[in-house]
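Read the figures in this text as sums done on the coordinates, not as results from a lab. What you are looking at is a predicted structure, and each value in this text was computed from that prediction instead of being measured. Here Cβ is always computed from backbone atoms with ideal geometry, including for glycine, and neighbour counts include all displayed protein chains.
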Amino acid sequence: MQYKAVVAALIAMAFAGVTYAQEFNDPAEFKKQREQLSMTPQGPEGKPWAQHLGDGMVDTAKYKKDGPVTICFSNAGIFNPWRVVGMNNLQAEADLHKDRIKELVVVDAEGKDDKQISDIEALVSSGKCDALIVSPNTTAALTPAVEAACAKLPVIVFDRGVATKCPVTYIHPVGGYGFGITSGEFIASKLPKGAKVLALRIMPGVDVLETRYSAAKNIFDEAGLKVIGSEFTGSDRAKTKAIVEDYINRGEKIDAVWMDAGDTSTAALEAFEDAAMPYPVISGEDQQDFLRKWQKDKLTAVGPSYPTYQWRTAILGALDVLDGKQVPGPEWILPQPAITQDTLASYIDERMPPLHYSLCGCQDLPGYPERWGGKK
C-alpha cells in the first residue's frame, strides 16, 4: 500500500506540474550539454544512432545470454507523429536482427502513468523478457517501477529519463537543455531586447521537455526577452492554433514562438496567416511540413532536433547488453544536430508525409520509405 501511495502522489505531481521548474534547471547540466552540442562523436561515420559522445563505458558481461532472445519494450505511447516515426524505426531495426531476436514484445501505455507501471510489472513477472526497454511516460512516476524492474533483469531506458541510475544505460541525444539552448539562442539572436516570446509546450513533468523550457527561458531572460505565456498544447493542432489565436485576439504582440516540440508548429503559424499578420521568428523541429513551409515562406526559423534515430539505438543497445558487450554508459549520449537555413534543403524529402521526422536515420531500414508512409 505504501508503494502505491507514493506512486499515486508522484503521478499527481507530474500532472500538476509541481516543483518541476526548480528540479529541471541545473546550471551544471546546462553547461555540460552546451559543450556536448559541439563535441565530435565516437563511432561509425554516417551512423549517428550507433555513435556516442564521451568515453564512459559499462561492462555487461553478467547479462550475456546465448541463443535467440526476447526483448520487451514498454512504450509511453504513440500519441504524436514523432513517436509514430520512432516506433517504425524500432520495429524495423529489430527486423534486421531476426537471427538474434526470437520475439519483440511491445506494450503501449497510451500516455498513462498508471498503465505503464502495470505494463512493466506484468512484463517483468511474465519471466519471458531477457531485457526490458523503457520509454517512460513521465519521469517521477515511472522511477519506482523501473527500479523494481532493474532488480530482475537488464533495463535500457531511452528517450525520456527516470530519477534513478539503475538502468544499464540511458540512451538519449544530448538532451533537453541542448534543445532549449539551440532554439533559445537562435531566437535571442534575431530579436532586440524587450521583444515578446510565446512558449508552447506539450505537457508538464517530462524531464526532456522541462529542461528544454528551462534552458530557453534562461537564455531569454539573459537577452532581455519577455515570455508572455507558457502554454501546454497536449500536441493537439487545434488547441495549439486556438492558443495562439487567443493571444493575438487579446492584442498581444508576438515576436517569436518557441516550442518544446515542433509537431504542431505549422498550426501555430496558421493563426498568424488567418489574422493576416507577419510570421514570427519560430523554432520548430525536423518534421517535413515545418521544413517545407520554412522553405516556401522564407521563415526566420531553426529546427532543433531530438532525433528519432535513437529508437534504433534502443534495440542495438539491448542486443549489445545481451551479447555481453560493453556499452556507452551510464548514459549513452547521441549527437543532436539542428537544421539551419544553410542545411534546410538537404532535409526536405517530398516523398515523405508531412509529419515525417527527417532525422530518422531510417533510410537504410527494411521497408523504407513505404513503412514510414512515404512514396517510392
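Here are the numbers:
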read-out: Links that overshoot a 20 Å alpha carbon limit, given the list Lys47/Lys375; Lys65/Lys325; Lys253/Lys293; Lys64/Lys102; Lys193/Lys293; Lys31/Lys196; value: Lys47/Lys375; Lys253/Lys293; Lys193/Lys293; Lys31/Lys196
read-out: Global form of the stretch 176-302, assessed from the alpha-carbon gyration tensor, a/c cut-off 1.5; value: rounded
read-out: Sorted peptide list for 154-166, 206-218, criterion being average Cβ within 10 angstrom, highest first; value: 206-218, 154-166
read-out: Sorted by Cβ neighbour density within 10 Å, fewest at the top, the residues Ser235, Ser283; value: Ser235, Ser283
read-out: Nearest-20 debye value, the stretch 176-302 charge dipole, Cβ charges on Lys, Arg, Asp, Glu; value: 340
read-out: Relative contact order [Cα under 8 Å, 6+ residues apart], the stretch 251-292, whole percent; value: 51
read-out: For the chain, calculated [θ]222 nm from helices alone, where every DSSP H run of n ≥ 4 adds -39500 (n - 2.57); value: -12500 deg cm²/dmol
read-out: Cα-based helix-to-principal-axis angle, 113-126 vs the chain, degrees rounded to 10; value: 20
read-out: Two-site FRET efficiency, Lys193 against Ser230, from Cβ-Cβ distance with R₀ of 22 Å, rounded to 0.05; value: 0.65
read-out: Footprinting exposure proxy for Leu123, Leu142 (fewest neighbouring C-beta atoms within 10 Å first); value: Leu123, Leu142
read-out: Computed over the stretch 176-302: relative contact order in percent, which uses C-alpha pairs under 8 Å that are six or more apart; value: 27
read-out: Relative packing of peptides 337-350, 128-141, 247-260, 78-91 - highest average C-beta neighbours within 10 Å first; value: 128-141, 78-91, 247-260, 337-350
read-out: Degrees, to the nearest 10: 237-249 long Cα axis against longest axis of the chain; value: 30
read-out: Derived scalar couplings ³J(HN,Hα) [the stretch 167-179; Karplus, 6.51 cos²θ - 1.76 cosθ + 1.60; whole Hz; x for Gly, Pro]; value: x, 4, 7, 10, 8, 6, x, 2, x, x, 4, x, 4
read-out: Degrees, to the nearest 10: 81-95 long Cα axis against longest axis of the chain; value: 30
read-out: Filter on Lys226/Lys296; Lys128/Lys152; Lys217/Lys296 - keep pairs with C-alpha separation over 23 Å; value: Lys226/Lys296; Lys217/Lys296
